[in-house]
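The values are calculated or read from the model by the stated rules, or taken from the named source; none is laboratory data. As the structure is a prediction and not an experimental result, all values here were calculated from the model. Neighbour counts are summed over all protein chains in view; Cβ atoms, including those assigned to glycine, are modelled from backbone coordinates with ideal geometry.
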Amino acid sequence: MKNTNPKERKTDELGFSDYPICREPWESYYILRRGILPCCHGNPILAPMDDWREAWNSPELKEIRRSLSQGKLSEYCMVSYGCPIVQREMAKAHSTAVPRRPKVLRLINRLFLGLPKKLFLVFRPGKH
């Protein structure tokens, strides 16, 4: 059953709301021998292991939380390439950056075994 009340926040198929896009920095963080991370995909280290109490409300972690609560990835998150959320957002950005040719042109190209594309590449403007 769909949610018809526009004031209620949207939920995804798992029942989580759209914002924040990641809950990890509010629910837990990782204390490892090499240091403290805001999530299992985090990189670089936020603080040394001994500073775990101060790290929970550190300016770095507050900035990460602020960005995520606004539906954006922080600069810290964007360099954590192992994170599936970062990978999904990067894939979205790349898929919308390159416009596709209209379906009609793609169909014509397939019907003629790629000949229109080959002709265009040979006679394209600006190539000399």
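Within segment 28-49, not a single residue is part of a helix (DSSP H, G or I), at pLDDT 85 or above, assigned by TED's automatic domain parsing to the domain that holds Ala93 and within 16 Å of the chain's Cα centre (by Cα). In this structure, Gly71 does not satisfy being on the phi > 0 side of the Ramachandran plot and either free of Cβ contacts under 8 Å to residues at least 24 places away in the same chain or not assigned by TED's automatic domain parsing to the domain that holds Met90 (or both).
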